[in-house]
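One structure, as structure tokens, below. Some questions next.
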There are 2 protein chains.
Amino acid sequence: MIALHIDRAGPEAAYRQVYRQLRAAILAGELAPGTRLPSSRTLASETGVARITIAHAMKQLAAEGFIESRTGAGTFVAADLPLAGATHGEPFRPMLTSWGQRALATHQATGRTSSAQRPEIDFGFGRSFAGSFPYDIWRQLLGRYLSTDDAMLSRYGSTAGFYPLREAIADYLARSRGVRCVAEDVAIVSGAQQALDILARMLINPGDEVLVESPGYRDAFALFRLYQARLVGVAADDHGLPVDDIPVDCRARLAFVTPSHQFPRGGTMPLARRQALLAWGRERAAVIIEDDYDGDLRYEGGSLAALQGLDDDGRVVYLGTFSKVLFPALRLGYLVLPRALNRPFVQAKDLVDRGASTLTQAAVADFLTEGHFERHLRRLRRLYGEKRRVLVGALDSYLGDRVRYSTVAAGLHVMLFPTTHLDEARLVDEAAARGVRVYAGASFYLEKPAPPSILLGFSGLDEAEIIEGVRRLADAWPL
Amino acid sequence: MIALHIDRAGPEAAYRQVYRQLRAAILAGELAPGTRLPSSRTLASETGVARITIAHAMKQLAAEGFIESRTGAGTFVAADLPLAGATHGEPFRPMLTSWGQRALATHQATGRTSSAQRPEIDFGFGRSFAGSFPYDIWRQLLGRYLSTDDAMLSRYGSTAGFYPLREAIADYLARSRGVRCVAEDVAIVSGAQQALDILARMLINPGDEVLVESPGYRDAFALFRLYQARLVGVAADDHGLPVDDIPVDCRARLAFVTPSHQFPRGGTMPLARRQALLAWGRERAAVIIEDDYDGDLRYEGGSLAALQGLDDDGRVVYLGTFSKVLFPALRLGYLVLPRALNRPFVQAKDLVDRGASTLTQAAVADFLTEGHFERHLRRLRRLYGEKRRVLVGALDSYLGDRVRYSTVAAGLHVMLFPTTHLDEARLVDEAAARGVRVYAGASFYLEKPAPPSILLGFSGLDEAEIIEGVRRLADAWPL
């Protein structure tokens, strides 16, 4: 009635094979509902496996309801299986909410598809330089917890984050970024994007205005739009957001800014503007999100103190990340929350995603408190500072006054503005034809059409690649 | 005019101390806007630090806009600082969205506060047993990537997850859970909660009905309610969700079920019910989320095949997690998505949270493909199976017919139902007074008041603790 084929060489246990083949035959209708099955003795001898193997498979099929024993009468394919050879024309297409539809549409719009061909020299940004991280120390720190502290691994972590890490971050931020906070104000997240996603849900009602810089962080734009925010963009200049340019009729109760190092344009917001922004926030009863995505990586002078440190009202939410200074694969970021937002945030986080890996958090905490972090940071500043110097030199030699850009005082990329007319999409293609990938700046702008600009990240390349990349870019650049 | 105190023994660089103290004096108004500062030579000799240290601090203060140089006239506190001794009465209280308010309220309702006193014996559930995990192997696998494969750490991972892990999961699920999928159908998340949060946003419109089991997974209830779902609960019996009991007027287009092992009641949904549930879904054009939170941990017979494997339409979303079998601190879960939901999910995930740690994913992938996972699973089944046997024995001896419960054929906990009247809150208190923490089942029920029940997790305790815990619980239990 049905031939079973047992593969004794394969990894699958014999009883699983019997089970699977009988199940498939039942589901396919080859063994119809109500059919009497041969005895396990018969099946065993026909198949050449032990009777207990057949019995084991039968038990499983019975547990799942495919077959049933009737005392004294034998074993039967279950009679009440509503199987139906059911070929249901087209596959099911669930209806998405408007949120789901927006999510689907957003991604297509930003067009972050990876091109098939891998370029020789990729000026991608936000990468850390392979080889720069002290893996030996990291391995040691992880090893500590992997061998001795089971309890930390066997429980779910706290939603707000592993306390010693929150302490270490508060201490570091107070000391080196001028952030005023204690451990309780710090919450650990998987990255800035998760922080923004939760904040957006907490703070944006459909149709609300949100104040942003243009050009700006497009992933934040996409997220705010997902919650139907209306973005009010103010054109950033060499000193970040010009607060005086905020439209007087702007009704935003939320602003998203990058005062330490305007993203992606470059430039630092001076104190007077910071004070003015805080005053604007006070007038508007607005929350201000300060994204300090690379404030650590400043090459000239120390890092600039955070906007958060000037905030007396508790309206600034400070975002930081370890992806740039440690490595992206860590997936750890943090926020410093004002008291009024702390509990709502942590409780929302608890509902939508449990804590980050305790193991990783513990290792990062030690990395911070034992001084490895600041040592590594100093090394990175030297390393990236040298790359930056090489990049600026190459830009001067090869592109000269065909481009202008803000002083590269911090960060891992530079945004170039052509001094004469430029078709940026065409330049990107021309560079690609020369094996160099550079990035069009248009998608970082709210205004359409955007002023042409090109983004070069330099953190993932070595010095020879930077020079050669800029040389080829200049070759592609119209005179 | 202002005395600077330099601590040479501390960890803070001298220039940072100068910078910080001058900044504080300016912010506090002790150095008024427009005040002329002493020359760096004077400050250096007064403070006893090198002149370059003062110059360094000054440069930083100038960069931040606190001070300004006027050629030939010296250095001044910036004139345009809108500092204002501003004591703003009460701290700022941002307005939360209704979502934010619901998040805040939800947490209070479930009351998951940790009591101050740590009990001697804690029947908490969802824990893995410390000591059972092969840390040596895990350390080895992590070490592989920590030392040799920088590229994996230095880039952001793919949103859908690390491909080799998706392959390994697809292979494992097809082989051992009867899930029909390929690697492309698998998406990696930080856990079931994140998966549900994204699915809820994609699929639930405010006011929509969602079909759930009662008792059921209360964290899913909370999440669905956060998106203003109206939960339609069907009372689970010893065989999971009785599909015939779904109200005929139920208009849900989404169902959340635990067919392998009903949570938290226990019991497995037989095939006929599974087929009926799929038929119901077809009729209603509904998506069915199958949460297979512990389907791996079955003690009798093999694991039951997943509902997903019976789905011909592409309406079942399968959720799995590594938290139970590996360890909670990993924070890795996965979904198998039908084609129609795959792209919307991954694109939404990309907007709200980037991928999980590539390092962890790579190590888990190797753990799976090299056979460690299934070996560990077999060990756990023996280990937990033995604990379960001890628990059932203790329940029989000490509580006897005062309780009933579903056969503990799988999982890490048991839900006890008293056979006579019981005040569950009081019992929890009485047990706590005896050093034993047990969990009231009420919060898992939709109906209020819920039938009294008590949850005991046994995975985090050793056998002596289980016996002693049940003995004391029986002592607290009214006769």
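Hey, for a label at A:ALA174 modelled as a point 7 Å past Cα toward Cβ, could you say which residues of the stretch B:9-40 have their backbone N under 15 Å away?
In the stretch B:9-40, the label zone of A:ALA174 (backbone N under 15 Å from the point 7 Å along Cα→Cβ) covers B:11-12.
Counting pairs of Cα atoms in the stretch A:234-322, how many percent are more than 18 Å apart?
The calculated P(r) of the stretch A:234-322 puts 38 percent of pairs beyond 18 Å.
Binning every alpha carbon pair distance of the stretch A:144-276 at 10 Å from zero, what are the percents per bin?
Histogramming the stretch A:144-276 at 10 Å steps yields 11, 30, 34, 17, 7, 2 percent.
Ok, one more. Please compute the Kirkwood hydrodynamic radius of the stretch A:348-409 from all pairs of different C-alpha atoms, in Å with one decimal.
15.4
Also: Given a 1.4 Å probe and no ligands, DNA or RNA in the count, how much accessible surface is buried by B and A, both sides, to the nearest 100 Å²?
9600
Using 0.36 nm per residue, how much length does the chain from A:ARG70 to A:GLU120 gain when fully extended, once their Cα-Cα distance is taken away?
On the way: separation 50, 0.36 × 50 = 18.00 nm, distance 7.01 nm.
Difference between extended and current length: 11.0 nm.
Using a simple spin-label model with points 7 Å from Cα along the Cα→Cβ vector, what separation in nm is obtained for A:ALA235 and B:ARG41?
4.6
Semi-axes of the stretch A:1-105's equivalent ellipsoid from the Cα gyration tensor, sqrt of 5 times each eigenvalue, largest first, rounded to whole Å?
After scaling each eigenvalue by five and taking roots: 36, 18, 12 Å.
Please list the non-local residues whose amide H lies under 5 Å from the amide H of B:ASP122, H modeled 1.01 Å from N, same-chain partners needing a gap of 5 or more.
Those lying under 5 Å, H to H, from B:ASP122 are B:ARG437.
For chain B, what Kirkwood radius comes out of the mean inverse Cα-Cα distance, in Å? Don't jump to the answer; show the numbers that get you there.
Values: mean 1/r = 0.0378 Å⁻¹.
Across chain B, the inverse of the average 1/r is 26.5 Å.
Tell me, which residues of the stretch B:6-27 get at least 30 Å² less accessible area when the other protein chains come in, versus the chain alone (1.4 Å probe)?
With the partner chains in place, the stretch B:6-27 has these residues losing at least 30 Å²: B:ARG16, B:ARG23.
If you don't mind, another one. Taking the Cα centre of the stretch A:246-330 as origin, sum charge times position over the Cβ atoms of Lys and Arg (+1) and Asp and Glu (-1), and report the length of that vector in debye to the nearest 20. Intermediate values should be presented prior to the final figure.
Working: 10 positive and 11 negative charges, 47 e Å.
The dipole of the stretch A:246-330 has a size of about 220 debye.
Ok, one more. Only four residue types carry charge here, +1 at the Cβ of Lys and Arg and -1 at the Cβ of Asp and Glu. Report the dipole size of the protein assembly as shown about the Cα centre in Debye, rounded to the nearest 20.
Once rounded to the nearest 20, the dipole reads 460 debye.
Reachable lysines from A:LYS59, Cα under 30 Å, same-chain residues fewer than 8 places away excluded?
B:LYS324, B:LYS387
For the stretch A:309-431, just the Cα atoms, rotate onto the principal axes and tell me the three extents in Å, largest first.
Between the extreme Cα coordinates on each principal axis of the stretch A:309-431 lie 51, 33, 32 Å.
Residues of the stretch A:236-274 losing 20 Å² or more of accessible area relative to the isolated chain, 1.4 Å probe, heavy atoms only?
A:ARG253, A:LEU271, A:ALA272
What full-extension length gain, to one decimal in nm, is calculated for B:TYR163 and B:SER98 as 0.36 nm per residue of separation minus the Cα-Cα distance?
Stretched fully, the B:TYR163-B:SER98 segment lengthens by 19.6 nm.
Ok, one more. Express the accessible area of chain B per residue in Å², computed with a 1.4 Å probe while the remaining protein chains stay in the model.
39
Expressed as a whole percentage, what fraction of the accessible surface of chain B belongs to carbon and sulfur atoms when a 1.4 Å probe is rolled over the protein heavy atoms?
C and S fraction of accessible area: 51 percent.
In the stretch A:336-353, which residues give up 20 Å² or more of accessible area once the other protein chains are added, compared with their chain alone (1.4 Å probe)?
Those are A:ALA340, A:LEU341, A:ARG343, A:PRO344, A:GLN347, A:ALA348, A:ASP350, A:LEU351, A:VAL352, A:ASP353, which lose 20 Å² or more relative to the chain on its own.
Taking a 1.4 Å probe, which of A:HIS421, A:HIS56, B:HIS239, B:HIS5 shows the most accessible area, and what order do the others take after it?
So, going from the largest accessible area down, we get A:HIS421, B:HIS5, B:HIS239, A:HIS56.
Also: Estimate the FRET efficiency between A:ALA105 and B:LEU383 by the formula 1/(1 + (r/R0)^6), using the beta-carbon distance for r and 45 Å for R0, to the nearest 0.05.
The computed FRET efficiency comes out at 0.40.
Note the per residue figure in Å³ for the convex hull of the C-alpha positions in the stretch A:381-479.
Working: hull volume 9.3 nm³, N = 99.
Expressed per residue, the convex hull around the Cα atoms of the stretch A:381-479 is 94 Å³.
Jot down the per residue volume, in cubic angstrom and as a whole number, of the convex hull over the alpha-carbon atoms of the stretch A:261-367.
Value for the stretch A:261-367: 141 Å³ per residue.
A follow-up question, please. Go through the stretch A:425-432 residue by residue and turn each phi into a ³J(HN,Hα) via Karplus (6.51, -1.76, 1.60, θ = phi - 60°); whole Hz please, and just put x for glycine and proline.
Result, rounded to whole Hz: 4, 5, 4, 4, 5, 4, 5, 4.
Quick one: which of B:471-478, B:345-352 comes out on top by average Cβ neighbours within 10 Å, and what's the full order, highest first?
On the way: B:471-478: 17.6, B:345-352: 22.9.
Output ranking for B:471-478, B:345-352: B:345-352, B:471-478.
Scattering from the C-alpha atoms of the stretch B:187-258 alone, worked out with Debye: what is log10 I(q)/I(0) at q = 0.14, 0.21, 0.26 1/Å?
With no solvent term, the Cα-only Debye profile gives -0.42, -0.89, -1.21.
Given labels modelled 7 Å from the Cα in the Cβ direction, how far is it in nm from A:VAL182 to B:ALA24?
Placing both labels 7 Å beyond Cα along the Cβ direction yields 1.7 nm.
A further question on this structure: Considering only DSSP beta bridges with both partners in the protein assembly as shown, what is the antiparallel share in %, to the nearest 5?
Counting only bridges with both partners in the protein assembly as shown, antiparallel ones make up about 55 percent.
Further, regarding this structure: Checking a compactness column here: for the protein assembly as shown, what do you get for Rg(Cα) / (2.2 N^0.38 Å), N being the number of residues?
Compactness ratio reported: 1.04.
Something else now. What percent antiparallel are the DSSP beta bridges of chain A, to the nearest 5?
55
What list of ³J(HN,Hα) couplings, whole Hz, do you get for the stretch B:400-409 from phi and the Karplus terms 6.51, -1.76, 1.60, once you set θ to phi - 60° and write x for glycine and proline?
After applying 6.51 cos²θ - 1.76 cosθ + 1.60, I find x, 8, 6, 10, 10, 7, 5, 3, 7, 8 Hz.
Continuing with the same structure: Quick one: if you stick a label point 7 Å off each Cα along the C-beta vector at A:HIS421 and B:GLU370, how many nm between them?
So the two model labels end up 6.1 nm from each other.
Turning to a different aspect of this structure: Which Cα, out of A:ALA28, A:LEU399, A:ALA431, lies furthest along the positive dipole direction of chain A (beta carbon charges, K/R +1, D/E -1)?
Projecting each Cα onto the dipole axis, the largest value belongs to A:ALA28.
May I pose another question? Top to bottom by accessible area (1.4 Å), largest first, where do B:TYR439, B:TYR227, A:TYR398 land?
I get A:TYR398, B:TYR439, B:TYR227, largest accessible area first.
The values are calculated or read from the model by the stated rules, or taken from the named source; none is laboratory data. All figures in this text were calculated on a predicted structure; none of them were measured in a lab. We place every Cβ from the backbone using ideal geometry, glycine too, and count neighbours over all the protein chains shown. We work out accessible area using only protein heavy atoms, side chains counted, and drop any ligands, DNA or RNA first. Shrake-Rupley method; radii C 1.70, N 1.55, O 1.52, S 1.80 Å.
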